[in-house]
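FYI, it's all coordinate maths here, none of it is from the lab. Since the structure is predicted, the reported quantities are computational estimates derived from the model, not experimental observations. Methodologically, a virtual Cβ is constructed for each residue, glycine included, from the backbone with ideal geometry; neighbour enumeration extends over all protein chains shown.
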Amino acid sequence: MSNYVVLSPATHKNTHVLTERGEAQGDSIQYSLIYPLEFRNIQSCYPIFFSKSGETGEFFPIALFGFENNENLFLDENGWSAAYIPMMVERQPFLIGYQGASEDDLKPIVSIDMDSPKISEDEGQALFDKDSQPTEFLKAMMTKLESLHHGHEHNKGFITALTAEDLLEPFTLEITLDNGSTNQLMGFYTINENKLQELDGSTLADFNSKGYLQPIYMAVASYARIRALIDKKNALTK
Amino acid sequence: MKNTINRIVIVGGGTAGWLSAGIIAAEHFMGEKSSSSNHNFHLVLIESPDIPTIGVGEGTWPSMRSTLKKIGISETDFIRECSASFKQGTEFHNWLYGKDDTYTHPFTVPHNFNETNLAPHWQQLREKVNFANAVNPQSALFEKQLAPKNIATPEYSFHVNYGYHLDAGKFANLLQQHCVETLGVEHISANMTAINSAENGDISSISTDTHGVIQGDLFIDCSGSKALLLGEHYGVPLVSKSQFLFNNCALATQIPYQNSEDPIQSATLSTAQTSGWIWDIGLPTRRGVGHIYSSDYTTEERARSELLKYIAETASQDAAADATIRKITFDPGHREKFWHKNCVAIGMSSGFIEPLEASALVLVELSAAMIAEQLPANRKIMDLVAKRFNEKFLYRWDRIVDFLKLHYVLTQRTDSQYWIDNCDPSSIPESLQELMDIWQYQPPWHRDNYHIDEMFPSASFQYILYGMDFKTQLDPRFKRTDRETADRAMGLFMENAKRTEQLVSSMPTNRELINKIYKYGFQKI
């Protein structure tokens, strides 16, 4: 379970964050929420699919790291071996929210998950210096959190556009490994390429102006990464 | 003589009229959205601005899901606009002994029903677990007011089968809007002043007070119990079924929830009274409650006081004191035929019977679907279609009467003449008596069906029979009771118990799910 508390120099003077990645740091995740703004980077490493929230039924895009629960095929003895790590993974163990009297007067509120395995008292990166000022590490993290917040709004519009045009479809991926065992990946959704090809000019122009068109094609291109993921799995089960 | 059937005129705009319009229009190219230009199919609905709709039929069957999907209404819109909730079956109270007895008729058929008949194997377990709970997880959801699906389940899909409870007035409005704006149905608000005949006795047109004369090739009578076309114009008589089903009056009211977050029931509650029964239907916004009874066995005053007592017990004394009660009377039965010449009746114009198994709306769906799918190509073929339609729906009415009567004949109540007379052999249709004689030795299953599209599957008969403690003496010569089959059945009972546990622990309450639908809506996939 998570235990988020508002970040403050007073409470978190001695708090450190471990930046190594691995099973012990809670990185054994099968997939992560991602944002359309990072699809270009994502598709160079991971397949992009869509999943449905059990809480709201709404769709969200994900990068796939494994074929089973808690399986992250990118973790090895060197940590997380990939050229790009999704923003939602990077932001751990922080969270950003906004508070204020009016829309124009919102201040970012950063919280930290004190139950995260990434938290340490003496190892890793400090959050505040001796003068209670944010360290370079925390400043860089704040920048990431802010772009995450913008990505969130953009993502909402992206998903609304996809569902309005019926561009998502459920699929089942059946994988046969070299050792003969089969894995079935269910409950994810992909871009319906037939529907995509049928989109008219004005919809395409609209998508393009809103920054939705490129991520759609990035998602389609990312399916090529499934092969690489299967190869990783085969290497493990040999 | 013009032969093709191009213009359909529906008279009456309640739920029956608009639902029929939607079903027929969705099956044919009409209006602006049509892809072919050389057709001239046209659907008109005439609705009197002065006659209020009666607003019965607040419960549907699961068939309503596919009907709505076909008409092209999103489930999210439907649930939001019609104050709809999920109906997963019926829960019967006091039907057996008159005190503290309960059984259920869930919409989902018994586990593995297509391959295995669990009813004979349950006979050995009857002291330990009731039939519905032994064979199906759905009834366990009723007790906790749980939903048949969750917010991530696509629209119209389910974990366990369901229909709806709905606000009939709002439903007619939504259907009207969709029919007119999307399906190209022409809506005329006018009073009918005359029915004009052709030489062959067909209805040629209808005169109205504000919209002149409206021509048509086929007229659908959705004018309610008055049956203005089929009954008044053609004089097709009503066939009474009151010798089998005694109820002919209803006292209906609406009860507010004490608290806006009060639980919404998963099933229609049906509680037997001295000379009838009380329905209790939970919508998100209110409860619809009513007492349906026989005026031959009790007085309105007594029926009213039983209803008020029920409201006081299940809501509050205040709710009982504030209740505005509306009385409806009816002659239980149906028209001698439903399609005569070029006129066909759908809804209360075709007949009405107590809503014990919510058969009113499903008959509208089935009638309109048959008209939509088998729309006569021309006038010559219409008489044949009409003949087949009449045969089919007379058969269906008989099955409804049989099935409803089954709920009464199994009672062990003798506390009033009403229940005693209900068990009198002279009040039992022969077709039902035959089935009951057979069921003494073998449980109902697929072979009991005569038709591929029976209204009530044999599963429904099982739920009523074994819910009401009917005893079936198994014939030991049958292999089906041998060890191997018994072991397989035991495995199925275990699977069902596991699935029940899993569903009960994972499904949201109806209230939670409805709130989420208001906020997020369902996804289409």
Q. Is the stretch A:157-165 home to any residue that is more than 14 Å from every other protein chain (Cβ to nearest Cβ) and of a type in the set (Asp, Glu)?
A. no
(Q) Which condition from (1) within 14 Å of chain A (Cβ to nearest Cβ); (2) in a helix (DSSP H, G or I); (3) touching a helix residue (DSSP H, G or I) at 6+ places or on another chain (Cβ under 9 Å) is the one that B:Met490 breaks? (A) (1)
Q) Looking at the stretch B:147-257, what strands (runs of 3 or more DSSP E) fall wholly within it and have at least 3 residues that are surrounded by fewer than 22 Cβ atoms within 10 Å (Cβ to Cβ) and away from chain A (no Cβ under 14 Å)? A) B:186-189, B:192-197, B:203-208, B:213-215, B:238-240, B:249-256
Q.
Quick check on the stretch B:134-146: of everything there that is crowded, with 21+ Cβ neighbours inside 10 Å and over 23 Å from the mean Cα position of the chain (by Cα), which residue is nearest to the other protein chains (Cβ to nearest Cβ)?
A. B:Val135
Q. What residue, among those in the stretch A:26-56 that are crowded, with 20+ Cβ neighbours inside 10 Å and within 14 Å of chain B (Cβ to nearest Cβ), is nearest to B:Glu512 (Cα to Cα)?
A. A:Lys52
Q: Note down all Cβ pairs under 8 Å where the first residue falls in the stretch B:504-525 and is within 11 Å of another protein chain (Cβ to nearest Cβ) and β-branched (Val, Ile, Thr), the second is assigned to a strand (DSSP E or B) and surrounded by fewer than 19 Cβ atoms within 10 Å (Cβ to Cβ), and they're at least six residues apart or on different chains.
A: B:Ile525/A:Glu169; B:Ile525/A:Pro170
Q.
Any residue that is acidic (Asp, Glu), in contact with a Lys or Arg (Cβ under 7 Å, 6 or more places away or on another chain) and either under 30 Å from A:Lys130 (Cβ atoms) or away from chain B (no Cβ under 14 Å) (or both) - is there at least one of those in the stretch A:77-89?
A. no
Q: Examine the stretch B:321-335 for a residue that is free of Cβ contacts under 8 Å to residues at least 60 places away in the same chain, hydrophobic (A, V, I, L, M, F, W, C) and surrounded by fewer than 24 Cβ atoms within 10 Å (Cβ to Cβ), and state whether such a residue exists.
A: yes
Q | Hits in the stretch B:101-154 (condition: out of contact with any His (no Cβ under 8 Å at 6 or more places or on another chain), small (Gly, Ala, Ser) and more than 30 Å from B:Lys519 (Cβ to Cβ)) | A | B:Ala119, B:Ala134
Q. If you go through the stretch A:80-118 one residue at a time, how many are surrounded by 14 or more Cβ atoms within 10 Å (Cβ to Cβ) and touching a Gly at 6+ places or on another chain (Cβ under 6 Å)?
A. 1
Q | Residues of the stretch A:103-117 classified as assigned to a loop (DSSP other than H, G, I, E, B) and more than 27 Å from A:Thr56 (Cβ to Cβ), total | A | 1
Q. Restricting attention to the stretch B:390-405, does a residue exist that is without any contact (Cβ under 8 Å) to a residue 24 or more places away in the chain, hydrophobic (A, V, I, L, M, F, W, C) and out of contact with any Pro (no Cβ under 6 Å at 6 or more places or on another chain)?
A. no
Q.
Restricting to the stretch A:1-25, give me the number of residues that are buried (at least 20 other Cβ atoms within 10 Å of the Cβ) and part of a strand (DSSP E or B).
A. 1
